[in-house]
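Right, one structure below, let's go through it.
The values are calculated or read from the model by the stated rules, or taken from the named source; none is laboratory data. Here the structure is a predicted model, which is why all the values come from computation and not from measurement. Ideal geometry is used to build each Cβ from the backbone, glycine not excepted, and the neighbour counts take in all protein chains shown.
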Amino acid sequence: MGITFVTPGKFQKQIEFLHKQKYKFVTLTELIQNYYNDPSAIAITFDDGYKNIFKFGFPILQKYNIPATVFVISSSISNKNNWDANLGWIQYDHLSPSEISKLIKAGWEIGSHSVNHKSLIGMKLDQIYYELNESKTILENQFKTSVNYFASPFGRTNYQVLEMAKKVGYKGICGFFPFKYIKQKPPREIIPRLAVYYTDSLPSIARKLSHEKSLKIEILKQNVINFCANATLVVDTLR
Ligand SMILES: [Zn+2]
C-alpha cells in the first residue's frame with residue numbers, strides 16, 4: 001500500500017492542474033484507438049475498484065467532465081477485499097454494481113483487474129485463463145459493456161499472460177513488463193502507466209507527463225496515469 005494513494009484534496013488539486021494544462025481526457029480505449037502518441041491526450045485509470053473512487057474521485061472528475069477507466073476485480077464487487085485483510089490492513093469497500101453502472105453512464109470505461117487479484121506470474125495456464133476470461137465475461141455480462149483492457153494484479157505480467165489475454169479478446173494489458181525483456185521493445189499491447197503517488201507534487205506530475213524533459217523512457221509514449229484511491233478512506237477515518 002505505502003504511497004500508492006492520493007487524498008481527495010490532493011486529487012482535486014491534481015485534476016484542476018491537469019485540466020488547466022488543456023489535456024484532452026479520454027478513456028483508455030479511446031486513447032489507444034484514437035490518440036496513440038498524441039501528447040495532448042490523457043487517460044486516467046484507477047485499479048481495484050474501491051468505493052472511494054465513486055465517493056470522492058467521481059464528483060471531482062464530474063466537475064470537469066473528465067471520464068476515467070476503472071479496473072474492477074470481478075469477485076469483489078460489493079465485497080470487502082480479502083488480500084489486504086490478509087495483511088492486516090484496513091478493509092475497504094468496493095464499488096457496488098449500481099455505482100459501476102453510474103460510472104459507465106457518465107462515460108467511464110471499465111476494465112478487468114482479474115477475478116481474485118492474485119499475481120498471474122507462476123500460475124498454471126488454466127488458472128491464468130480463468131482469471132482473464134472469467135472476469136471479462138462476468139463484467140461484460142453484468143454491465144453490458146465491452147471490457148477491452150486488463151490491469152495485471154500488482155502490475156506483474158509477461159508474454160504468457162499477454163498471449164492468453166489476447167486469446168480471450170483483450171486489446172491490451174496494463175502492467176510492468178519484466179526487465180529481462182527490456183532489450184527488445186515491449187509489445188505494443190503492454191500499456192505502461194505513470195503512477196501518481198502520495199508524495200507527488202504538481203510539478204512532479206507535470207514532469208512525468210512531459211515529453212520534452214523526458215523522465216519518460218521510450219516505451220512510455222502514452223499518457224496513462226494511474227491513481228490509487230485507497231487513501232481517501234484513510235483520510236476519512238483519520239478525520
Ligand atoms: Zn490491484
Practice task
Working only within the range 115-147, note down all residues that are more than 23 Å from Pro186 (Cα to Cα), aliphatic (A, V, I, L, M) and within 16 Å of the ligand (Cβ to nearest atom).
Solution key: Val115, Leu139
Exercise for the section: Report whether or not Ile100 is at pLDDT 95 or above and in contact with a Leu (Cβ under 9 Å, 6 or more places away or on another chain). Expected result: yes
Problem - Scope the range 113-129; condition free of Cβ contacts under 8 Å to residues at least 40 places away in the same chain and surrounded by 17 or more Cβ atoms within 10 Å (Cβ to Cβ); matching residues - result: Ile128
Problem - So Thr145, is it β-branched (Val, Ile, Thr) and closer than 23 Å to Leu31 by Cβ - result: yes
Fill in the blank from the handout: Here the residues within the range 49-67 that are surrounded by fewer than 24 Cβ atoms within 10 Å (Cβ to Cβ) and within 26 Å of Thr137 (Cβ to Cβ) are Lys51, Phe54, Phe58, Pro67
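Here is a yes/no grid of residues against (1) farther than 21 Å from Val224 by Cα; (2) part of a strand (DSSP E or B); (3) touching a residue at least 24 places away in the same chain (Cβ under 8 Å):
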position	(1), (2), (3)
Ser135	yes, no, yes
Leu139	yes, no, yes
Ala151	no, yes, yes
Val161	no, no, yes
Lys166	no, no, no
Gly175	no, yes, yes
Practice task
Could you run through the range 148-164 and say how many residues are buried (at least 17 other Cβ atoms within 10 Å of the Cβ) and within 16 Å of the ligand (Cβ to nearest atom)?
Solution key: 8
Handout entry: Hey, Gly169 away from the ligand (no atom under 16 Å from the Cβ), on the phi > 0 side of the Ramachandran plot, modelled with pLDDT of 95 or more and surrounded by fewer than 19 Cβ atoms within 10 Å (Cβ to Cβ) or not
Key = yes
Completion exercise
Within the range 100-130, the residues that are acidic (Asp, Glu) and under 17 Å from the mean Cα position of the chain (by Cα) are Glu109
